[in-house]
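Novice: Got a structure for you, written out below as structure tokens; questions coming shortly.
The values are calculated or read from the model by the stated rules, or taken from the named source; none is laboratory data. None of the values given here were measured: they were computed from a predicted structure. So basically every Cβ, Gly included, is an ideal-geometry build from the backbone, and we count neighbours across all protein chains shown.
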There are 2 protein chains.
Amino acid sequence: MGLHFIGIGLSNEQDISLKGLELVKKADKIYLEHYTAVLNVPVENLERLYGKKIELANREFVEKENIMVEEAKTKEVAFLVVGDPFAATTHVDLFLRAKQAGVDVTVTNNASVLTAVGITGLQLYKFGKTTSIPFEVKSETPYNVLKDNQGLGLHTLFLLDLRPEEEKFMGVREAITYMKKLEQKIGEELFDDNTLCVGCARLGSPDQMIKAGTMKEFSQTDFGKGMQCLIIPGNLHFMEEEALALWK
Amino acid sequence: MGLHFIGIGLSNEQDISLKGLELVKKADKIYLEHYTAVLNVPVENLERLYGKKIELANREFVEKENIMVEEAKTKEVAFLVVGDPFAATTHVDLFLRAKQAGVDVTVTNNASVLTAVGITGLQLYKFGKTTSIPFEVKSETPYNVLKDNQGLGLHTLFLLDLRPEEEKFMGVREAITYMKKLEQKIGEELFDDNTLCVGCARLGSPDQMIKAGTMKEFSQTDFGKGMQCLIIPGNLHFMEEEALALWK
């Protein structure tokens, strides 16, 4: 018995590790976290591979209920997380609650968008703080984070909001619109129409899209369905420039 | 035919994804990058699982030779990387060379230490720039990166050097010594004996060790064998404090 945090990667059911699959096969209950990220395939694909039923876990269930922790006292409970389990801050809380309740906990790591963006050629160690762009709250945080990172010449990764239950994913285009509104409001001239950006959609998938272009180009570019992210690079090393040329 | 970048995770042969294993099984040649990181098991464990021979690839071979790119024009070549393939900057160069030579390239992502440190409870989006502590060159970079990150209240992750061919891995203790020498030399009082640190060894492994303690404690703590990393946290959220208490 125990609670098993299992990262399942970024794209489809084939991204789970052998270790992760073994734990899933032994599990009495399987939950899939379904609000910080989603794969690019339906849940049925996972159920077919595992030969088991999966229950979707929304934010309320994971953060407020204690059902998984209680069940894990007598059963093998698998908690599947798209990406790497603790890349999403929210799951550390569940980990703590389980530990404090004396439940056995295991963690199975997997790929995260935070390192998958390395394929753009931008060097991961040159990224500053990561930030998110939300659908509704008109937060100034993304702008302020960009400002701090730019001050140090660092790249900024913007994770874009999603509402999987409504099949709604923020696109690069909307993110640009959001940032432009903040620029109009705050006006520190952190970027303009000619600023170089990198957009990624469905990273880690066979049909992933990676593109480098100006902000102006991006406000007219459709990156398609699924999860997307935006990068505004800081100072570029010549190797990074060479890599970005590949995505133009 | 093609060149397949395959992340194999952090701990042992069971960390490869189903997708990665399928590519390895189809490969005509398998190389394992053997200088930026290693698993905690011998290469023989991988060979047994794959049923194939693996050739170790050192820095010279990956960065200077063009053998993999040439072979990938007529064969299926698997290039195994511990962690996530492009978390190590150096592999973007091989990716570019392959693309420029017209070779088909695929990427299979996997877990990286950069997100596995999330298990400490420190929030990943609050990390600033990542830096490395080398064995020999007395570089001031780690100190300067820490200073910049601290200025913004951000956490700093120090990756520690390794020489797998000599089975030599820098430990948390040596890293503390290195940083203390820089403090003596530069003297901006970024930290002292009471500064809270987090040390990790063999992250992602069943025998991983995670510990929070003062710099003084850490200069007497043995984290054992294998790859290690050091974190000097910035400003702590109360949830982060609660999580760190678990590792004290």
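Novice: Sort out which residues of the range A:222-247 are assigned to a loop (DSSP other than H, G, I, E, B) and surrounded by fewer than 18 Cβ atoms within 10 Å (Cβ to Cβ), and write them in order of number. Before you say what the answer is, go through the steps one by one.
Specialist: Filtering the range A:222-247 for residues assigned to a loop (DSSP other than H, G, I, E, B) gives A:222-227, A:233-237, A:246-247.
Residues satisfying the conditions are A:Asp222, A:Gly224, A:Lys225, A:Asn235, A:His237, A:Leu246, A:Trp247.
Novice: Suppose we filter A:Leu56, A:Leu122 for residues that are in contact (Cβ under 8 Å) with a residue 60 or more places away in the chain and among the aliphatic types (A, V, I, L, M); which single one remains? Break it down stepwise before answering.
Specialist: Values: A:Leu56 fails: in contact (Cβ under 8 Å) with a residue 60 or more places away in the chain.
Going through A:Leu56, A:Leu122 in turn, the sole match is A:Leu122.
Novice: So which residues in the range B:3-60 are touching a Pro at 6+ places or on another chain (Cβ under 8 Å) and within 12 Å of chain A (Cβ to nearest Cβ)?
Specialist: B:Phe5, B:Ile6, B:Gly7, B:Ser11
Novice: Take the range A:27-53 and flag every residue that is in a loop (DSSP other than H, G, I, E, B) and either free of Cβ contacts under 8 Å to residues at least 40 places away in the same chain or surrounded by fewer than 18 Cβ atoms within 10 Å (Cβ to Cβ) (or both).
Specialist: Start the filter on the range A:27-53 by keeping residues that are in a loop (DSSP other than H, G, I, E, B), which leaves A:27-28, A:34-42, A:51-53.
Residues satisfying the conditions are A:Asp28, A:Val41, A:Pro42, A:Gly51, A:Lys52, A:Lys53.
Novice: I want to confirm something. Restricting to the range B:107-157 and keeping residues that are more than 10 Å from every other protein chain (Cβ to nearest Cβ) and in a strand (DSSP E or B), which single residue is nearest to A:Gly7 (Cα to Cα)? Talk me through it step by step, then tell me what you get.
Specialist: Pass one, the range B:107-157, residues more than 10 Å from every other protein chain (Cβ to nearest Cβ): B:133-144, B:146-147, B:150, B:156.
Cutting the leftovers down to in a strand (DSSP E or B) gives us B:133, B:156.
Values: B:Ile133: 29, B:Thr156: 24 Å.
Per the criteria, the residue is B:Thr156.
Novice: With buried (at least 24 other Cβ atoms within 10 Å of the Cβ), over 20 Å from A:His155 (Cβ atoms), modelled with pLDDT of 95 or more and β-branched (Val, Ile, Thr) as the only criterion, which of A:Thr115, A:Thr120, A:Thr108 stands out? Steps first, answer last, please.
Specialist: On the way: A:Thr115 fails: over 20 Å from A:His155 (Cβ atoms); A:Thr120 fails: over 20 Å from A:His155 (Cβ atoms).
On inspection, the qualifying residue turns out to be A:Thr108.
Novice: Would you check if there is a residue in the range A:139-160 being free of Cβ contacts under 8 Å to residues at least 40 places away in the same chain and in contact with an Asp or Glu (Cβ under 8 Å, 6 or more places away or on another chain)? Break it down into steps so the answer makes sense when it comes.
Specialist: Just the residues of the range A:139-160 that are free of Cβ contacts under 8 Å to residues at least 40 places away in the same chain, to begin with: A:139, A:141, A:144-145, A:148, A:151.
Now drop any that are not in contact with an Asp or Glu (Cβ under 8 Å, 6 or more places away or on another chain), which leaves none.
No, every residue in the range A:139-160 fails to be free of Cβ contacts under 8 Å to residues at least 40 places away in the same chain and in contact with an Asp or Glu (Cβ under 8 Å, 6 or more places away or on another chain).
Novice: Search the range B:61-102 for residues being among the β-branched types (Val, Ile, Thr) and surrounded by fewer than 19 Cβ atoms within 10 Å (Cβ to Cβ), and hand back the single one that is nearest to the other protein chains (Cβ to nearest Cβ).
Specialist: Start the filter on the range B:61-102 by keeping residues that are among the β-branched types (Val, Ile, Thr), which leaves B:62, B:67, B:69, B:74, B:77, B:81-82, B:89-90, B:92.
So of that shortlist, the ones also surrounded by fewer than 19 Cβ atoms within 10 Å (Cβ to Cβ) come out as B:67, B:74, B:89-90.
On the way: B:Ile67: 21, B:Thr74: 23, B:Thr89: 5, B:Thr90: 10 Å.
Here the residue is B:Thr89.
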